[in-house]
Each structure stands twice: as C-alpha cells, then as structure tokens.
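Values quoted throughout were computed directly from the atomic coordinates according to the rules given, and no laboratory measurement underlies them. Only a predicted model underlies this, so the values are computations on that prediction, with no experimental measurement involved. Neighbour counts are summed over all protein chains in view; Cβ atoms, including those assigned to glycine, are modelled from backbone coordinates with ideal geometry.
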Amino acid sequence: HFYKRIKRKTMGAENSKAQLAQLASANSRASNAEQQVRAFQNLEIEKKKYQEAKMKELLSEPWRKTAKSGWNEEELLQFRKEIMAYEGPESTDIKFFNVLLLGQVSAGKSSIINTIESAIKGGVGEDGKLTRELVTSKAVAGTDKKSLTKQLRCYKIRGKSEDGKEKLINVQFWDTMGLEVEEEGLAIDKICRIMDGEVKPKAELDGDLDEGALRDTPEIKHKMHCVLFAFHAEKFELLDESIFEKLSEIRNAAMRKEIPCLVVCTAIDKVCEHVEKDTSKVFRSRNIQKKLTNVSEKSGFPLNMIHPLRNYVDQTMTDLKIDFLTMLLFKKIIKVSKDYCQRLLDDEDDC
C-alpha cells in the first residue's frame with residue numbers, strides 16, 4: 001500500500017507537470033497568435049499610410065489631356081474669345097442653347113452658374129492683361145438640406161466682348177429643385193416635360209404643374225439641348241441609393257431623347273490639398289482621378305463625360321486657374337449642345 005501511495009503521488013505530480021507544460025504551450029501559442037495578429041494589423045496600418053501618402057503625391061503626367069493646358073492668361077483669353085464667338089445653328093430662331101441643371105441638394109448647381117458667368121465675364125486692362133473681377137452672385141446659392149430652388153429658373157450668361165461691353169452668350173442655364181431621397185424633390189415626369197420644352201420659365205415645381213405653366217406645342221428652341229448633372233465631390237459616397245435610382249431613370253429618359261448628358265463634380269478642392277492650393281494641379285491629382293472614377297462607376301456615365309470643377313464659394317474676386325478649369329467645362333457644354341441642335345434640325349429636313 002505504501003508503494004502504491006507513492007506511485008499515485010508520483011503519477012499525480014507527473015500529470016500536474018504535463019498539465020503545466022500543456023498550459024505553457026497553449027499560452028505560448030496564444031501569445032504567438034496575438035503577436036502575429038498585431039504584426040498583421042501593424043502591416044495593414046503601414047500599408048494604408050503608404051497608400052494614403054502615395055495618393056497625396058501628384059502624377060508626373062496629367063491623367064487627362066486637354067487642348068489647352070498652359071493655365072495662363074493667353075490661353076484663358078483665347079477660351080473667352082472662342083466662347084464669345086459661338087453662334088447657334090444657321091438659319092434658325094435658336095438663339096440660346098438650353099442646359100438643364102440637375103443634382104443632389106447642395107451639390108453646387110446655383111454656384112455653377114455663378115462660377116461660369118464669373119469666368120466668362122473677366123475683362124482686360126489697358127496693359128492687355130486680365131483684370132480680376134468681382135465674383136457673380138446671380139443665382140441664389142446656399143447649403144440648406146432642402147432645395148432652395150422651387151421654380152424652373154432661367155439664367156442667361158453675359159460675357160465681355162473685346163471692346164469691354166457686355167454681351168449675352170448663346171447659352172442659358174435652367175436651374176431646378178434638387179434631387180432628394182425617395183419621393184421628395186423634383187419628380188421624374190416633371191423632368192421629362194422640362195427636357196421636352198413643355199414647361200415655361202418660372203413654373204412652380206413644388207406641387208402639380210398648372211396648365212398655364214405648360215406649352216402646347218414646344219419647338220426645338222424650347223427643348224433642353226444638354227443635361228448637366230452636378231455632384232458634390234466630398235459628399236458623393238454619402239448619397240442615398242434612391243438618388244442613384246432617380247439618376248438612372250433620368251439618364252435613360254435623356255438617352256431615349258438623344259439629349260447629351262454631362263456630369264460635373266464640384267468642390268474638387270475638398271478632396272485634394274494640392275488643388276486647394278493650386279487649381280491647375282487638378283489633372284495630376286490621384287485623389288481627383290480616383291474620385292471621378294468612382295463617380296463614373298456608380299453613376300454609369302463614361303469618365304470622359306465627367307468634369308471636375310471648383311466653384312467660387314468663399315472667394316470674392318476671380319482667380320485665373322479656377323476660370324481656366326471652368327472654361328474647359330463651358331466649352332464642352334456648348335459643343336455638345338450645338339451638335340444636338342444641329343441633329344434635331346437635320347432630322348426635320350426631308351431626306
């Protein structure tokens with residue numbers, strides 16, 4: 001019995017040692033696993049930091065080539081001369097190309113109108129150099145969560161001819177209520193009627209359209225010749241899915257009518273610190289290239305139909321580089337609008 005008790009104690013001690021060894025081994029494995037997890041997490045953090053730093057670096061070559069790329073006074077003046085010289089199709093009563101502005105609330109639609117007129121209205125001093133002008137505040141702009149625009153408002157754009165006199169540009173912008181979530185905001189059927197030229201200026205859009213606000217037989221000059229969708233670059237990823245559903249319906253309706261559509265991505269200075277300091281860096285910014293690619297993938301518009309823009313928001317005087325970027329967009333708007341009008345006129349002719 002004595003030896004049996006000794007044996008049991010010995011075996012118990014050995015079992016305890018084995019259990020302790022197993023526990024130590026388990027602790028060691030857990031510690032190694034934790035170290036591996038921490039190492040992986042640190043690696044991911046460093047990887048993210050590297051990617052963020054890389055995205056902040058400017059590209060050596062611009063990701064989009066433009067006909068003019070000097071970002072200087074000479075090219076901006078040439079832009080203005082070309083735009084001032086644009087005319088509607090010959091032998092028609094189309095005096096203005098109609099551009100319909102659509103977009104989320106606070107996307108900067110009204111500010112786009114102010115920015116375009118500010119850019120085209122700049123003058124030239126006695127020394128032949130550009131003069132800085134006060135920023136236009138023609139269209140009411142704001143940051144309310146609900147749409148400030150309740151009517152279909154028409155805004156004509158004025159520039160300056162070479163003799164310094166103001167002259168109407170042959171483009172007019174039509175501002176509307178913002179596209180809001182679900183059933184709120186501007187309804188799709190109203191947008192289609194506006195595109196067809198049925199809705200008169202100053203028609204109340206908040207509610208049912210009155211008969212007096214509609215045209216019975218709209219002509220080509222009443223139709224929309226281009227649809228311009230506006231998105232706020234910094235807020236784009238926060239858009240409700242219902243906005244994209246509305247966008248898809250509107251885009252499809254415009255495509256059926258063969259109306260050209262463009263997208264403008266505003267507030268691009270908010271997504272790139274280089275562009276915030278110098279607007280001319282816009283086409284060398286990786287962040288802005290990525291942002292516009294995201295907009296293309298989510299909205300369904302091709303990348304070459306999406307344009308970055310820096311609106312005049314807190315500035316009171318015009319800036320050459322903001323004006324230059326604006327002119328790139330404005331010239332594209334005029335070109336697609338003119339092409340569409342000419343196509344409509346060609347369709348009316350007997351073949």
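A few points about this structure:
- Spin-label model, Ser25/Lys138: points 7 Å from Cα along the beta carbon direction are separated by 8.2 nm.
- Cβ-Cβ distance of Thr131 and Glu87, R₀ of 25 Å, FRET efficiency by 1/(1 + (r/R0)^6): the value works out to about 0.40.
- Contour minus Cα-Cα distance for Leu303 and Phe244 (0.36 nm per residue): 19.6 nm
- 29 Å Cα-Cα threshold exceeded, pairs from Lys167/Lys223; Lys223/Lys281; Lys95/Lys290; Lys138/Lys270; Lys190/Lys298: Lys223/Lys281; Lys95/Lys290
- Arg256 paired with Gln151, simple spin-label distance in nm, labels 7 Å along Cα-to-beta-carbon: 3.1
- Radius 11 Å from Cβ of Val264, net charge of other residues (Lys, Arg +1; Asp, Glu -1): +3
- The stretch between Lys165 and Glu273, if pulled fully straight at 0.36 nm per residue, gains 35.1 nm over its current Cα-Cα span.
- Scoring 305-313, 219-227, 203-211 by mean Cβ neighbours within 10 Å over their residues and listing the highest first yields 305-313, 219-227, 203-211.
- Put a dot 7 Å past the Cα of Glu219, heading toward its Cβ, do the same for Ser69, and the two dots end up 4.4 nm apart.
- Amide hydrogen neighbours beyond the local backbone of Arg158, cut-off 5 Å, H modeled: Ile169
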